[in-house]
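Peer 1: Below you'll find the structure I mean.
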Amino acid sequence: MKSRLARDIGCVAAWTFYRRTVAGVLRRLGRDGRWQPWLAITPDYGGGDPWPRNWRTIGQGGGDLGRRMHRAMRALPPGPAIIVGTDIPDLGAAHIAHAFRALGDHDAVFGPAADGGYWLVGFRRSPRIPDAFEGVRWSTEHALEDTLANLVGLDVAFLETLEDVDDGAALSRWRQGWR
């Protein structure tokens, strides 16, 4: 659950917003046949019926956000890979397509968030997966800056800035058409 959002708007309202946002992201990204969508979930799930439809699932494992994202990057099949947040109400298939196109000419791609973090990170993953997430100050305005500092020497592309809804202020900006 979105604990910072819940502190600002209440647990039920935060849960409702996040549930709707996740459902929308899964629906919009899962029905596009240009990629195989994967969902990294917690707690780690041991199998059973595939959920949601058209998505494969992997466990996030433990550790901070960086360790969980690096683990997901390593677990995915070979080739370019993109990770997105599920708290991005405006995220659509066109964003993912643009990110994959960017990885054709770049080592990495980021979708900057309005708060200084990022809503998308992708790597070409050839010849290796960069160690991008060490020492990042997560949930701060320094997250993107810290990650980029780990990627010196790599060719990085940037997508448009979107709002990831982590707290009440971000929700308010998004509702008011923050752009």
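Peer 1: Based on alpha-carbon positions alone, could you give the equivalent ellipsoid semi-axes of the chain from the gyration tensor, as √(5λ), descending, whole Å?
Peer 2: Working from the Cα gyration tensor, I get semi-axes of 24, 20, 17 Å.
Peer 1: Sticking with this structure for a sec: Starting from the stretch 105-179, pick out the GluC sites (Glu not before Pro) whose DSSP state is loop and whose Cβ has at most 13 other Cβ atoms within 10 Å.
Peer 2: When the GluC sites (Glu not before Pro) of the stretch 105-179 are filtered for loop state and at most 13 Cβ neighbours within 10 Å, E134, E141, E160 remain.
Peer 1: Tabulate in residue order the Karplus-calculated ³J(HN,Hα) for the stretch 133-148, using 6.51 cos²θ - 1.76 cosθ + 1.60 with θ = phi - 60°, rounded to whole Hz; enter x for Gly and Pro.
Peer 2: 10, 6, x, 7, 8, 5, 6, 10, 6, 9, 4, 5, 4, 5, 5, 4
Peer 1: Quick one: F17, F110, fewest Cβ neighbours within 10 Å first, how do they rank?
Peer 2: F17, F110
Peer 1: Considering the chain as a Gaussian network with a 10 Å cut-off on Cα pairs, which listed residue, R27, R101, R67, attains the greatest mean-square fluctuation?
Peer 2: Between R27, R101, R67, it is R101 that shows the largest mean-square fluctuation.
Peer 1: Whose amide H sits under 5 Å from the amide H of T57, counting only residues 5 or more places off or on another chain, with H placed in the peptide plane?
Peer 2: L39
Peer 1: When the Karplus curve 6.51 cos²θ - 1.76 cosθ + 1.60 is applied with θ = phi - 60°, which whole-Hz ³J(HN,Hα) does each residue of the stretch 56-72 get, with x for Gly and Pro?
Peer 2: In residue order, the calculated couplings are 9, 10, 9, x, 7, x, x, x, 6, 4, x, 5, 5, 5, 4, 4, 5 Hz.
Peer 1: Next question. By the scheme Lys and Arg +1, Asp and Glu -1, what is the net charge of all other residues having a beta-carbon under 14 Å from that of F158?
Peer 2: Local charge sum for F158: -4.
Peer 1: Grab the other residues whose beta carbon is less than 13 angstrom from that of D44, score K and R as +1, D and E as -1, and report the net.
Peer 2: Residues close to D44 contribute a combined charge of +2.
Values in this text are rule-based calculations from the coordinates and carry no lab data. Please read these numbers as outputs of a predicted model, since none were measured by experiment. Cβ: placed from backbone, ideal geometry, glycine included. Neighbour counts: every protein chain shown.
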